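The values are calculated or read from the model by the stated rules, or taken from the named source; none is laboratory data. Being a predicted model, the structure only gives us computed values, none of them experimental. Here the Cβ positions follow ideal geometry from the backbone for every residue, glycine too, while neighbour counts run over all protein chains shown. We work out accessible area using only protein heavy atoms, side chains counted, and drop any ligands, DNA or RNA first. Shrake-Rupley method; radii C 1.70, N 1.55, O 1.52, S 1.80 Å.
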Amino acid sequence: MDIVKNIAQHLDVKEIQVQKTIELIDEGNTIPFIARYRKEVTGNLTDEVLRQLEEKLNYLRNLEKRKEEVITSIENQEKMTDQLMEAIQKAETLKEVEDIYRPYKQKKQTRATKAKEKGLEPLSNFILTWKEGNGSIEEEADKYITEEVETREEAIQGAKDILAELISDTTVFRNILRKDAKRDGKIVSIEANYDEKDAEEAKTFEIYFDFEEEISKIPSHRILAINRGEKLGYLKVSVKLNDEDNIFLIAMSINKDRSSESYKYIYEAAEDGYKRLLFPSVENEIRSELTEAADSQAIDVFATNLKPYLMQAPIKGTVVMGLDPGYRTGCKTVVVSETGSLLHDTIIFPAKPKEDIEGSIKIMKKLIEEYNVGLIAIGNGTASRETEAVVSKMLSENEFSHKVYYTIVNESGASIYSASKVGIEEFPDKDVTVRGAVSIARRIQDPLAELVKIEPKHIGVGQYQHDVNQKLLTETLNNVVEDSVNTVGVNLNTASASLLAYVSGINSSVSKNIVEYRQENGMFKSRKELKDVKGLGPKTFTQAAGFLRIPNSENPLDNTAVHPESYKIAEQIMDLELDKIDIKETAERLEVGEPTLTDIIAELRKPGRDPREDMPKPILRADVVSIDDLEIGMVLTGTVRNVVDFGAFVDIGLKNDGLVHISELSDKYVKNPSDIVKVSDIVKVKIIDIDKNRNKVALSMKGI
């Protein structure tokens, strides 16, 4: 297989772009580095395309490796033919290779292998190729009666067992079921037998207790829900095909003469092979493929949601009060400085059972004045809205020397951070609840820097993240985090080891060494000083340097995305009128690629610029919204909190986020909600339904 040509066609790019990119990957360069600093080599491929290229490259290389293994196995069995070799070489997917290999795969003891050991394979071939004039099948079977095969019936049954397995292993017959599944197949689920004590939890899956839907139409989120119900023991799930039609089609494919002596035996073998071997195998395959597709869809949704969430605009230069609400144990309250240092921690009780509203307001007022708090970040978990009501009351009834706002923060993963090694290392003398509140406060100051301390799957901007392929989920989300971190760049003198570990070329060991070097030698004064860090060799320096910033370096280029390898170029143009530079002429004169020169000029225009400045700022509030304040037709501004297959959840200030169903996202047909909105978008929504009993609000973005 021509891997380069295959990838080029798949991505619709030039073969030379693919070839050069593969060379860069094989040399050990990271995707962020290639995307940013090797644009001339790749033909300006984006990080997204480069990720797809790398994924396809790995798949095709694994495919070639598997082909070699299959070829070796078949050759060792001395069963290789020119036709078989050609089929293997032409196969374009792992599924095709496995289909070809299936008849040659070494099997455990089966009814067919036992029959072959008894010498009945020639009898099965006799039945398979029987023609008028060949003699009676029953008389032929008598020739195979031995000590091991005591009767004619036993001989014929053994021959049919061999035929049944042959039918199950034949790709043509497997494809009959696959086509039927695509055309008419259904996924069926019914209520399983479970303990009475689980009845309440099982109700979650009630809609699947008597359910079926076409395989070709069932959406990914329903596949994942059904899988979860089955895993918990509340559902029994199966695939429904046109079994009788398929069996008949298989038998007729082998022998079209239904009046012939052999047809009866062939049909019986086909029926047995179908029910015992072929259908269960293809059913597993169908469900695996549906699950794989659903996993992929869910992971894509998560990745699509994660990037804008990580890239939220930071609120810098503000002292923040972080509130981690709770009932019995109270609301954990912290104050963090403009740079995220913990200044104070305490507990207030604004919600039941204590409901000390006046005492809570008194403490918060004192902290706001003492530490000049400008923003209050409230975690969106248990008791969040009760706490919000008290914060709103305090802000409306009191005047401060400066303006104070509050905002609701997604607290997913804060408890995981608070009990993690990273959290313990940061605050060894503090309770887990204090660490959680600090995390909430810091998420509004610099979301990216704080969220990298948590495994991406715990950040809570996807669906069914605990049900999907965990290895694929982790790889995909780590790539998103890596691309986000390197797009923004990292302050070398303030970044945590967790953040540094996502920088191109830097692993967790080197990131810790950087922090230790900083603690022992003080702030980095230049990028060149990185070379003194233990374990950070020339190759790592090349990969990482351009993504690390030093704001107070003597060389102003150290606070830009200009790579040290391009400093000489930058120095020759930094004093010119940047807007009047002729890119083409200057690139030729300085012997540099036009994309690189363009990037250098952009950096010199705005040194140290944070690309997140272009992202929407979070909505800051001063008062609370009650469902009783809402009316149908009212238009509000909200923040998109999550985007799923069936729509988007929008925070409009209520206890529960409102749902904009996919059918209400646009006046035009919407295939994928993420084509219209993304997490952290600020959107205008119209209220179209209010359910006060369930505290739910339906929203629309149509006609706004």
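What do you reckon, is E78 acidic (D, E) and assigned to a helix (DSSP H, G or I)?
Numbers: acidic (D, E): yes; assigned to a helix (DSSP H, G or I): no.
For E78, the condition - acidic (D, E) and assigned to a helix (DSSP H, G or I) - is not met.
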Is it the case that segment 613-632 has a residue that's hydrophobic (A, V, I, L, M, F, W, C) and farther than 30 Å from T387 by Cα? no
Taking the conditions exactly as written (surrounded by fewer than 21 Cβ atoms within 10 Å (Cβ to Cβ) and either of a type in the set (G, A, S) or under 35 Å from the mean Cα position of the chain (by Cα) (or both)), does E594 satisfy them or not? yes
Which condition breaks for Y464 when tested against (1) at positive phi; (2) surrounded by fewer than 20 Cβ atoms within 10 Å (Cβ to Cβ); (3) not small (G, A, S)? (2)
So S216, is it of a type in the set (S, T, Y), loosely packed, with under 13 Cβ neighbours inside 10 Å and closer than 30 Å to V468 by Cβ: yes
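If you take the residues of segment 66-107 that are of a type in the set (V, I, T) and surrounded by fewer than 14 Cβ atoms within 10 Å (Cβ to Cβ), which of them is farthest from M1 (Cα to Cα)? Step through it out loud before you land on a result.
Here is the first cut: in segment 66-107, the residues of a type in the set (V, I, T) are 70-72, 74, 81, 88, 93, 97, 100.
Still in the list and also surrounded by fewer than 14 Cβ atoms within 10 Å (Cβ to Cβ): 72, 81, 93.
Values: T72: 17, T81: 19, T93: 11 Å.
So the residue we want is T81.
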Residue hits (segment 569-591; assigned to a loop (DSSP other than H, G, I, E, B) and open to solvent by less than 30 Å² (accessible area, probe 1.4 Å)) are I581
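Give the residues of segment 263-317 that are in a helix (DSSP H, G or I) and either on the phi > 0 side of the Ramachandran plot or of a type in the set (D, E) (or both), sorted by residue number.
E268, E271, D272, E283, E285, E289, E292, D295, D300, listed by residue number.
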Selection within segment 487-507 - open to solvent by 10 Å² or more (accessible area, probe 1.4 Å), of a type outside the set (A, V, I, L, M, F, W, C) and closer than 24 Å to Q519 by Cα: G489, N491, N493, T494, S496, S498, Y502, G505, N507
Note on segment 501-518: residues touching a residue at least 24 places away in the same chain (Cβ under 8 Å) and either under 19 Å from D532 (Cβ atoms) or under 15 Å from the mean Cα position of the chain (by Cα) (or both) are V503, G505, I506, S509, V510, R518
Considering residues that are closer than 26 Å to E386 by Cβ, surrounded by fewer than 20 Cβ atoms within 10 Å (Cβ to Cβ) and touching a helix residue (DSSP H, G or I) at 6+ places or on another chain (Cβ under 8 Å), the number found within segment 650-704 is 5
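Does segment 248-256 include one or more residues that are outside any helix (DSSP H, G or I) and within 30 Å of T110 (Cα to Cα)?
Taking segment 248-256 and keeping what is outside any helix (DSSP H, G or I), we get 255-256.
Restricting the remaining residues to those that are within 30 Å of T110 (Cα to Cα) gives 255-256.
The answer is yes; a qualifying residue exists.
So, in segment 233-245, how many residues would count as being open to solvent by 70 Å² or more (accessible area, probe 1.4 Å) and either closer than 10 Å to A192 by Cα or under 23 Å from the mean Cα position of the chain (by Cα) (or both)? It would help to see each step written out before you state the result.
From segment 233-245, those open to solvent by 70 Å² or more (accessible area, probe 1.4 Å) are 236, 240, 244-245; that's our starting set.
After this cut, where a residue has to be either closer than 10 Å to A192 by Cα or under 23 Å from the mean Cα position of the chain (by Cα) (or both) as well, the list is 236.
Qualifying residue count for the region: 1.
Go through segment 94-129 and give me each residue that's among the charged types (D, E, K, R), in contact with a helix residue (DSSP H, G or I) (Cβ under 7 Å, 6 or more places away or on another chain) and assigned to a loop (DSSP other than H, G, I, E, B). Lay out the reasoning, then the answer.
Within segment 94-129, the subset among the charged types (D, E, K, R) is 95-96, 98-99, 102, 105, 107-108, 111, 114, 116-118, 121.
Checking which are in contact with a helix residue (DSSP H, G or I) (Cβ under 7 Å, 6 or more places away or on another chain) leaves us with 99, 102, 107, 111, 116, 118, 121.
Selection gives K107, K118.
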Can you tell me which residue is surrounded by the fewest Cβ atoms within 10 Å (Cβ to Cβ) among those in segment 294-317 that are over 12 Å from the mean Cα position of the chain (by Cα) and aliphatic (A, V, I, L, M)? A313
Just one of N58, N44 is assigned to a helix (DSSP H, G or I) and surrounded by fewer than 17 Cβ atoms within 10 Å (Cβ to Cβ); which is it? N58
Between a first residue in segment 531-551 that is aromatic (F, W, Y) and a second residue that is modelled with pLDDT of 95 or more, which pairs have beta carbons less than 6 Å apart while being 6 or more apart in sequence or on different chains? F541/L530; F541/K531; F547/N486; F547/G489; F547/V503; F547/S504
Residues E139, E148, E132: which one is open to solvent by 30 Å² or more (accessible area, probe 1.4 Å), part of a helix (DSSP H, G or I) and among the acidic types (D, E)? E139
Odd one out for F33, checked against (1) open to solvent by 80 Å² or more (accessible area, probe 1.4 Å); (2) assigned to a helix (DSSP H, G or I): (1)
Does segment 557-568 include one or more residues that are farther than 30 Å from T387 by Cα, open to solvent by 50 Å² or more (accessible area, probe 1.4 Å), within 36 Å of the chain's Cα centre (by Cα) and of a type in the set (S, T, Y)? no
Just give me the residues in segment 260-280 being open to solvent by less than 30 Å² (accessible area, probe 1.4 Å), within 22 Å of A181 (Cα to Cα) and of a type outside the set (A, V, I, L, M, F, W, C), in sequence order. G273, Y274
Would you tally the residues in segment 348-366 being in contact (Cβ under 8 Å) with a residue 12 or more places away in the chain and open to solvent by 80 Å² or more (accessible area, probe 1.4 Å)? 3
Scanning for something open to solvent by 30 Å² or more (accessible area, probe 1.4 Å) and either of a type in the set (G, A, S) or touching a Gly at 6+ places or on another chain (Cβ under 8 Å) (or both), does segment 171-183 turn up at least one residue? no
